[in-house]
Each structure stands twice: as structure tokens, then as C-alpha cells.
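Each remark here refers to the structure printed beneath this line.
No value in this document is a laboratory result; all are computed from the given coordinates. Since the structure is predicted, the reported quantities are computational estimates derived from the model, not experimental observations. Cβ atoms come from the backbone with ideal geometry, glycine included; neighbour counts cover every protein chain shown.
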Amino acid sequence: MVKFPEASKRLFHNVYVCRSCNTKMRSIPKKINLKELKCKKCGKRNFRPIKKGVTKAGPT
Ligand SMILES: [Zn+2]
């Protein structure tokens, strides 16, 4: 779906996924490291970086 590197960067840069409910949240890495980011859905603070390009388009 995303064909342009810049668009991809804009979409996935600093985006993290909640480990509990898979909600996507945009934040800076510092907040993740300090666990300052709170999931808007489940309220937990465990996040992982989003996998680039795997959201909708898939590997193909
Ligand atoms: Zn969550």
C-alpha cells in the first residue's frame, strides 16, 4: 500500500504497538523507555515498536 519511503517513514516512525491489545500509539522512544506512554485502551505501559509495512498491506 505504501509505496513511498517518505510516506512509510511518516506512518511508522515513532509508532508503537501495545503488547496487550495491539493498539497503535505514536510516541518518542524516550517515553517508551521510561514507560511514560500509557495505552489509551487498556492503560498498560508495555509497548513494542511497530513492524514496518505489516499493518495492512502485508509482505506482498
Ligand atoms: Zn493496550
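With θ set to phi - 60° and the Karplus curve 6.51 cos²θ - 1.76 cosθ + 1.60, what are the ³J(HN,Hα) couplings of region 44-52 in order, to the nearest whole Hz, using x for Gly and Pro?
8, 10, 9, 10, 10, x, 6, 7, 5
Please turn the phi angles of region 6-21 into ³J(HN,Hα) values with the Karplus equation 6.51 cos²θ - 1.76 cosθ + 1.60 (θ = phi - 60°), one per residue in order, whole Hz, x for glycine and proline.
Those phi angles translate into 5, 5, 4, 5, 5, 6, 10, 5, 6, 9, 10, 10, 5, 6, 8, 10 Hz.
Compute the signed sum of charges (Lys and Arg +1, Asp and Glu -1) over the other residues within less than 9 Å, Cβ to Cβ, of Ser20.
Details: positive: Arg19, Lys41, Lys44; negative: none.
Here the charged neighbours net out to +3.
Here is the link list: Lys30/Lys51; Lys3/Lys31; Lys3/Lys30; Lys9/Lys44; Lys9/Lys31. Which ones come out longer than 23 Å on Cα distance?
Values: Lys30/Lys51 18 Å; Lys3/Lys31 29 Å; Lys3/Lys30 29 Å; Lys9/Lys44 26 Å; Lys9/Lys31 19 Å.
Table pairs above 23 Å Cα-Cα are Lys3/Lys31; Lys3/Lys30; Lys9/Lys44.
What distance in nm lies between label points placed 7 Å from Cα along the C-beta direction at Leu11 and Lys41?
With each label placed 7 Å out from Cα toward Cβ, I get 1.8 nm.
Given Cβ point charges of +1 (Lys, Arg) and -1 (Asp, Glu) and nothing else, what value in debye, to the nearest 20, does the dipole of region 5-49 about its Cα centre take? Mind dumping the intermediate values first?
Numbers: 14 positive and 2 negative charges, 41 e Å.
It comes to approximately 200 debye.
Given R₀ = 35 Å, what would the calculated FRET efficiency be for Lys30 paired with Lys3, taking r from the Cβ atoms and rounding to 0.05?
Values: r = 31 Å, r/R0 = 0.87.
Plugging the Cβ-Cβ distance into 1/(1 + (r/R0)^6) gives 0.70.
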